[in-house]
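Mind having a look at this structure? Questions to follow.
The values are calculated or read from the model by the stated rules, or taken from the named source; none is laboratory data. Model, not experiment: these values are computed from the prediction. So basically every Cβ, Gly included, is an ideal-geometry build from the backbone, and we count neighbours across all protein chains shown.
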Amino acid sequence: MLTVNDLHATVGGAEILKGLSLDVPAGEVHAIMGPNGAGKSTLSYVLTGRGGYDVTSGSATLDGEDLLALDPNERAARGVFLSFQYPLEIPGVPALTFIRTALNAQKKARGEDEIAAPAFLKLAREKAAALKIDFEMLKRPLNVGFSGGEKKRMEILQMAILSPRMLILDETDSGLDIDALKIVAAGVNALRAPDRAMLVITHYQRLLDYIRPDRVHVLAGGRIVASGGPELALELEREGYDKYARAA
């Protein structure tokens, strides 16, 4: 599904990604782990089209289509979704309005009929209940005054409603206590599907206790330097990243 080949990218003139290659097939969950500054978040921003992250060479395709040639909204319409490490607050815009607007914008871009308000409200209630989100929260401005766990659950709610095909989770476990982590992980696991892929970016093994990956990759020095099964995450938890950082 997602294929990244020899990707080089700069931020502010500094090269951060230095020949990164990666394949994430449909139906699989892949984890990216690595030390601070390795390029994990840069990879997520490059794939989703954030400004200021410039690709100098290499390629990234989704189902064979050149992802890098598309605008961010076009990537979203193709099914690419980024769960932010620090979700943004949007004062004055109710969460329900934000999510319905995003959903209908994607449907319009794909040539599909927009969802009517009654059908959307029913869908939102069902998905919110599964994530233990008080429906009254969805009437409040998006993420304003929300706790860290509430913000992350709101991100998972957006995933559940938008139903993206390629999920990129950038340190979704950041700032979560154990109860919130379990709820968020259950929401992510509920989205596993044969036609959907996930890329989970994290520093720590603890998230992978709940979202079990098919493959684990170590990113160091701007490239993937090792790959393996879930046992690789356990090794990193025990031994750290030093040997991989030195190798990179």
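If you check every pair at least six apart or on different chains, which have Cβ atoms under 7 Å apart with a residue in segment 117-138 that is outside any helix (DSSP H, G or I) first and a residue that is at pLDDT 90 or above second?
Correct list of pairs: Leu131/Leu157; Ile133/Leu157.
Can you pull out the residues in segment 93-149 that are within 22 Å of Ala180 (Cα to Cα) and of a type in the set (S, T, N, Q)?
Asn143, Ser147
Quick check on segment 66-83: of everything there that is surrounded by fewer than 20 Cβ atoms within 10 Å (Cβ to Cβ) and in a loop (DSSP other than H, G, I, E, B), which residue is nearest to the chain's Cα centre (by Cα)?
Initial filter on segment 66-83 (surrounded by fewer than 20 Cβ atoms within 10 Å (Cβ to Cβ)): 66, 68-74, 77-78.
Add one more test, that the residue is in a loop (DSSP other than H, G, I, E, B), and what stays is 70-71, 78.
On the way: Leu70: 18, Asp71: 17, Arg78: 14 Å.
Top of the filtered list is Arg78.
Give segment 141-189 a look and list any residue that's outside any helix (DSSP H, G or I) and over 17 Å from His30 (Cα atoms), or say none.
Pro141, Leu142, Asn143, Val144, Gly145, Phe146, Ser147, Ser163, Ser174, Gly175, Leu176, Asp177 - these are the residues of segment 141-189 that are outside any helix (DSSP H, G or I) and over 17 Å from His30 (Cα atoms).
Follow-up question, since we're still on this one. Consider segment 26-49. How many of its residues are under 23 Å from Val188 (Cβ atoms), assigned to a loop (DSSP other than H, G, I, E, B) and either in contact with a helix residue (DSSP H, G or I) (Cβ under 7 Å, 6 or more places away or on another chain) or of a type in the set (S, T, N, Q) (or both)?
Residues flagged as under 23 Å from Val188 (Cβ atoms), assigned to a loop (DSSP other than H, G, I, E, B) and either in contact with a helix residue (DSSP H, G or I) (Cβ under 7 Å, 6 or more places away or on another chain) or of a type in the set (S, T, N, Q) (or both) within segment 26-49 amount to 2.
Also, quick follow-up: Kindly indicate whether any position in segment 226-239 is surrounded by fewer than 20 Cβ atoms within 10 Å (Cβ to Cβ), part of a strand (DSSP E or B) and hydrophobic (A, V, I, L, M, F, W, C).
yes
Scanning segment 33-65 for residues that are over 15 Å from Gly222 (Cα atoms) and not small (Gly, Ala, Ser), which turns out farthest from the chain's Cα centre (by Cα)?
Checked segment 33-65; the qualifying residue farthest from the chain's Cα centre (by Cα) is Glu65.
Would segment 208-220 turn up any residue that is in a strand (DSSP E or B), of a type in the set (D, E, K, R) and either closer than 20 Å to Leu82 by Cα or under 19 Å from the mean Cα position of the chain (by Cα) (or both)?
Within segment 208-220 (the criterion being in a strand (DSSP E or B), of a type in the set (D, E, K, R) and either closer than 20 Å to Leu82 by Cα or under 19 Å from the mean Cα position of the chain (by Cα) (or both)), the answer is yes, since at least one residue qualifies.
Just give me the residues in segment 1-25 being part of a loop (DSSP other than H, G, I, E, B) and either modelled with pLDDT under 95 or crowded, with 18+ Cβ neighbours inside 10 Å (or both), in sequence order.
Met1, Gly12, Gly13
Please work out which residue is farthest from Ser21 (Cα to Cα), limiting yourself to segment 195-227 and to residues that are in contact (Cβ under 8 Å) with a residue 60 or more places away in the chain and among the small types (Gly, Ala, Ser).
Here the residue is Ala197.
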